[in-house]
Amino acid sequence: MVAASLPPEVTAPATPVPYIETQPAAGVSADLLSTDLTQNRIEVSSSFQGAKVILYGAVFQPEDQPSDVVVIIRGPQASMRLIRKVKAGAVWLNSRPVVFEGAPGYYMAASSQPLDRITDFSHRRLLGLGLDYIAMDTSRENKVVTRYGVKDVVVNGIEDDYLDWRRAVIRLKSKAGLYNDNPLGVRFVDKNLFRAEVTLPSEAPIGDYTAEVWLFRDGQPVGYSEKKLTVEKVGFERFVYTVAHRHAWLYGLACVFMSMGMGALASRLFRRG
Amino acid sequence: MEIYLPIAEMSVNVWLMAGLGVVVGFLSGLFGVGGGFLMAPVLVALGIPPSIAVASQAGHVLATSTSSVVSYGREASVDYRMGGVMAVGGIAGAVAGVEVFRLLRLLGQADLMVAILYLLLLGTIGGMMLNESLRALLRARDGLPAERPKVKRPGWLYALPYKMRFPVSGLYISVIPPIAIGFVVGLLAALMGVGGGFLIVPAMIYLLRMKASAVVGTSLFQIVITTLVTMILQAVRNHTVDAVLAFILLIGGVIGGQLGIRAATRFRAEQMRVVLAIIILMAGLQMGFTLFVPPEDPFILAPTNG
């Protein structure tokens, strides 16, 4: 099958790409970088209002070469449904939703300088560096057609508007503080020591996050390091969530008893008072 | 003080939510309505996902209604038999409504449907109430006697089979109309996330011609049963009930509700009806307004869970 979903201008920055699992390619060493997070587990309790985690690391450079660092934080994947408001007469109606799959629930790209100055388009695309290259797929919109005499061509049902939809996802997620490009987010505090701040809003999804750190030299990735970050509910929040999902009947009944009990109690208290 | 909601997965200000509960509860107590139609739009405007707002505020409606039913029950002004019969239809309607809501959400049309229903129902009922109550107020000012409602029971309603005696309501009527009314109200209640008092009360007065003293208590009793079922169904089918949010809202709600019941004795019924009519009309128009305003962003993210 020929993937015909790529528009002719392949060099356009916002070209959608299928997500390629980021594996350290040949020539990329794990020994050049050493990184860690100030926390690798974020506990979401009832007082949770978001969190700030610092990623810090050291670059081991045998000789003094200028190098750049890119930090990518990806949150758990979740499918998203996007609706477009369409005008019908005087009224604004909803379009059929388009489902995006494979997009991270949280994404942050921090770098020591703007990404386009660090490396070229093909590396950014291949490694998914920057908001323009986040992998997301609308596979449910895909259909197989014959085009230019070629059979079984996979095209996207919303092909012409695809970029509009994609940009809308990124815009809406950015507005909610869940997607973020920070071209100056990696700061060298010393010649070989760097740090980056990761800010998670209270709406950040629960689950497993990865922090990928890339070391670039002359536009080529030379070092890679990966760390895990877990955001999980603890204590009461965890208890409520678990009961609500595992014992839904019991949970529903408990909510009803709580509501009716409080109501009955109130009318009693106020009557006596 | 901020608190993280385990189901909505976001943090909210406790005092803001409790305050909302108090205000809506006060209005419910004052006017004898559930107040769901006021709370859902405010919660959504504060950023709570609509499905969670609708399911969680059921706790508030349930608490304030229970509190009122207990009070009315002492005065023997609740027709438990009529409420029970209506609830049979109400439960069926709620089951259907939760499923329809689920389907609409998958199609991305839930918020649109809610806006249309608000505009049509609240707009119509608010408009009719305003017209009728303003006329009553003007007549009272001119010293004329209150207009007698044209008591004309729809004959066919009484020709239906399966008749039953409802002593508290002073009726001997087929069970079909109450069940049908219950079904429609239960359906709309699940779709709009409201108790449905603003629909049942007029239906009881103008269609069934129930004894006026039994209307409010009985409608509240039927709302308790329908909301109870809706809440359990939302918890089981959609996992959208946030117990923490529900608790904060209902604590404020029961306090506000009792204050409202006390305040209600200070005002005249006709004046209160005018104010309630204006509030209903405004809520309907406000929601309907969103249909005509060009959206800030043409794209919106729809919830995926369910």
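Phi angles of the range A:224-236 translate, via the Karplus equation with coefficients 6.51, -1.76, 1.60 and θ = phi - 60°, into HN-Hα couplings of 9, 8, 9, 10, 9, 9, 10, 10, 9, 6, 10, x, 4 Hz per residue; Gly and Pro are given as x. Of the solvent-accessible surface of the protein assembly as shown, computed with a 1.4 Å probe and all protein chains present, 62% belongs to carbon and sulfur. For the listed residue pairs A:173/A:233; A:52/A:191; A:191/A:233, the alpha carbons are over 28 angstrom apart in A:191/A:233.
Is there a quick way to get the dipole size of chain B? I mean about its Cα centre, with the Cβ of Lys and Arg at +1 and of Asp and Glu at -1; what is the value in debye to the nearest 20?
Working: 20 positive and 13 negative charges, 307 e Å.
That gives chain B a dipole magnitude of about 1480 debye.
Inter-chain neighbour count for A:243-255: the average number of beta-carbon atoms from partner chains within 10 Å of each residue's beta-carbon is 6. Interface residues of the range B:14-62, defined as a loss of at least 10 Å² in heavy-atom accessible area between the chain alone and the complex of all protein chains with a 1.4 Å probe, are B:62. Its DSSP H runs of at least 4 residues, each contributing -39,500 (n - 2.57), put the calculated 222 nm mean residue ellipticity of the protein assembly as shown at -15000 deg cm²/dmol, to the nearest 500. Residues of the range B:260-300 whose accessible area (probe 1.4 Å, heavy atoms of protein chains only) drops by at least 30 Å² once all protein chains are present, relative to their chain alone: B:262, B:291, B:292, B:295, B:297, B:298, B:299, B:300.
State, in square angstrom and to the nearest 100, the accessible area buried between chains A and B, both chains counted, probe radius 1.4 Å. The partial results should precede the final answer.
Working: alone 16250 and 15350 Å², together 26690 Å².
So the buried area, both faces added, is about 4900 Å².
Report which residues of the range A:74-89 become buried by 40 Å² or more of accessible surface when going from the isolated chain to the complete set of protein chains (1.4 Å probe; DNA, RNA and ligands ignored). Correct list: A:81, A:83, A:85.
Look at the stretch A:97-105: the mean tally of other chain Cβ atoms within 10 Å of its residues' Cβ atoms is 2. Counting Cβ atoms of other protein chains within 10 Å of each Cβ in B:5-13 and taking the mean gives 6. Once the Cβ-Cβ distance between residue A:36 and residue A:234 is put in as r, and R0 is 22 Å, what FRET efficiency do you end up with, to the nearest 0.05? Between residue A:36 and residue A:234 the formula returns 0.50. Compute the acute angle (0 to 90°) between the alpha-carbon long axis of helix B:14-31 and the principal axis of greatest extent of the alpha-carbon atoms of chain B; round to the nearest 10°. The helix B:14-31 is inclined about 10 degrees to chain B.
Solvent exposure of the protein assembly as shown amounts to 46 Å² per residue of accessible area, where only protein heavy atoms count and the probe is 1.4 Å.
The values are calculated or read from the model by the stated rules, or taken from the named source; none is laboratory data. Computed from a predicted model, the values in this text were never measured in an experiment. Cβ atoms come from the backbone with ideal geometry, glycine included; neighbour counts cover every protein chain shown. Accessible surface is based on the protein model in full, side chains and every heavy atom, while ligands, DNA and RNA are left aside. Shrake-Rupley method; radii C 1.70, N 1.55, O 1.52, S 1.80 Å.
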